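Working notes, beginning with the structure itself.
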């Protein structure tokens, strides 16, 4: 499903007004970027998707808890 910037903007703005809304959005964006990067890496290296074995916990930061995709 494709959305324009305008279509995404309204729900994002509304979510940022909620308590912890900005933190939620930052977590979603960072995790999505890392998963996308991992998929691209596996594809470029010719590795099967099953090489991506999940996520590893990260030491909590002040801003967010995030899971980093990794290969075992």
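Miscellaneous remarks
- In the range 5-29, the residues that are outside any helix (DSSP H, G or I) reach residues that are surrounded by 10 or more Cβ atoms within 10 Å (Cβ to Cβ) with C-beta atoms within less than 9 angstrom, at least six apart or across chains, in these pairs: 18/24.
- When 56, 52 are screened for being surrounded by 14 or more Cβ atoms within 10 Å (Cβ to Cβ) and modelled with pLDDT under 90, only 52 passes.
The values are calculated or read from the model by the stated rules, or taken from the named source; none is laboratory data. Source: prediction; values computed, not measured. Neighbour counts are summed over all protein chains in view; Cβ atoms, including those assigned to glycine, are modelled from backbone coordinates with ideal geometry.
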